[in-house]
Amino acid sequence: MSNILEAAKVHFSDRMSGDLKSVNVPEWGTKVYFKSSMNFKDQGAVLRLHGDNKPAEAVIMTLILKAMDKNGVKLFTRSNMTEMMLTVDPEVVSRIVTEMSDDDQPTVEDAVKN
């Protein structure tokens with residue numbers, strides 16, 4: 001079984017070390033960059049919020065955990081949660097997170113590779 005675990009770790013490492021994807025955010029005058037995957041720890045933080053019936057917080061947490069600049073530096077920290085909940089346009093944040101999530105879907109190119 002350790003061969004399977006090693007293969008799984010290599011696969012995930014490849015996904016996480018791949019090129020950054022981006023979402024154009026004209027409202028903010030920038031692009032938001034992100035990796036197409038999240039590790040289980042980060043996914044757990046988002047799922048915990050969903051489980052606690054806090055969907056808005058889960059959307060913000062997804063943005064906090066995934067959003068980066070073009071150099072791969074995180075744009076936000078968890079300490080930004082309350083400020084973002086009160087002062088950032090929810091429609092813009094939802095669109096960004098939706099586009100990030102849509103990127104997780106396999107493309108035709110991915111299917112051909114497999």
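Against the definition (exposed (fewer than 12 other Cβ atoms within 10 Å of the Cβ) and either hydrophobic (A, V, I, L, M, F, W, C) or out of contact with any Lys or Arg (no Cβ under 6 Å at 6 or more places or on another chain) (or both)), how does T62 come out, yes or no? No, not satisfied.
Filtering the range 65-90 to residues that are under 17 Å from M16 (Cα atoms) and either in contact with a helix residue (DSSP H, G or I) (Cβ under 9 Å, 6 or more places away or on another chain) or without any contact (Cβ under 8 Å) to a residue 40 or more places away in the chain (or both) leaves L65, K66, A67, D69, N71, V73, K74. Can you name the residue in the range 21-78 that is under 11 Å from the mean Cα position of the chain (by Cα) and in a loop (DSSP other than H, G, I, E, B) and, of all such residues, is nearest to E91 (Cα to Cα)? My answer is A67. Checked against (1) in a loop (DSSP other than H, G, I, E, B); (2) surrounded by 13 or more Cβ atoms within 10 Å (Cβ to Cβ), V93 passes all but a single condition, namely (1). The number of residues in the range 65-81 being aliphatic (A, V, I, L, M), under 14 Å from M38 (Cβ atoms) and out of contact with any Leu (no Cβ under 8 Å at 6 or more places or on another chain) comes to 1. Residue check: K35 meets all listed conditions (1) of a type in the set (D, E, K, R); (2) surrounded by 18 or more Cβ atoms within 10 Å (Cβ to Cβ); (3) within 16 Å of T98 (Cβ to Cβ) but one, namely (3). One residue stands out in the range 82-114 among those that are under 17 Å from S37 (Cα atoms) and β-branched (V, I, T): the one that is modelled with the lowest pLDDT, namely T107.
The values are calculated or read from the model by the stated rules, or taken from the named source; none is laboratory data. Remember, it's a predicted structure, so these values are computed and weren't measured experimentally. Note that each Cβ is placed from the backbone with ideal geometry, even for glycine, and that neighbours are counted across all protein chains shown.
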